Amino acid sequence: MALNADTHWGLMLRVDVAQPITQDGWRYLLTEARYPFNFDGEIFGLHSTMEDRLRDFGFRGPEAGVAADFVDVDIGFRTAGTTVDWIERVDVVPLVDGIKSFWAWKLKNSCVYTVTDFADRVLTKGTDVDWPPHIGKIY
């Protein structure tokens with residue numbers, strides 16, 4: 001699942017990292033996870049005030065350059081995909097009536113196929129919406 005960029009500004013965190021993360025860190029993140037609103041199983045949308053806490057948990061911040069585990073997409077809304085090498089913003093386009101276009105965040109090279117819209121509906125790629133790489137309406 002991709003995360004709706006209209007509702008997620010602040011920090012985007014990837015959870016699949018090589019370095020150890022503290023048990024308190026995982027406990028906190030799992031407690032805060034609101035699937036599909038702020039966590040899609042691959043990336044987490046968090047408030048921008050969490051930077052120091054994420055570092056304490058073991059995640060790498062912007063000081064790690066393109067290898068950082070989290071990025072502030074509020075500051076880098078248009079540039080987050082070049083600030084780190086794992087996230088991209090995609091343009092989600094409707095395939096059916098009643099849905100407006102919006103942007104979403106997703107891991108690069110992820111095969112996600114769902115996203116929530118601003119009304120908290122879970123939309124499916126190829127059925128309700130599409131994003132690059134485009135597949136069109138499949139049914």
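The single condition from (1) surrounded by fewer than 16 Cβ atoms within 10 Å (Cβ to Cβ); (2) more than 13 Å from the chain's Cα centre (by Cα); (3) among the basic types (Lys, Arg) that Lys108 fails is (2).
If you check Asp52, Asp72 for being of a type outside the set (A, V, I, L, M) and exposed (fewer than 13 other Cβ atoms within 10 Å of the Cβ), only one passes: Asp52. Using the structure shown, decide if Asp6 is among the charged types (D, E, K, R), out of contact with any His (no Cβ under 9 Å at 6 or more places or on another chain), in contact (Cβ under 8 Å) with a residue 60 or more places away in the chain and surrounded by fewer than 19 Cβ atoms within 10 Å (Cβ to Cβ). For Asp6, the condition - among the charged types (D, E, K, R), out of contact with any His (no Cβ under 9 Å at 6 or more places or on another chain), in contact (Cβ under 8 Å) with a residue 60 or more places away in the chain and surrounded by fewer than 19 Cβ atoms within 10 Å (Cβ to Cβ) - is met.
FYI, it's all coordinate maths here, none of it is from the lab. These numbers were taken from a predicted model, which means no experiment stands behind them. When we count neighbours, we look across all protein chains shown, and the Cβ atoms used for this are built from the backbone with ideal geometry, even at glycine.
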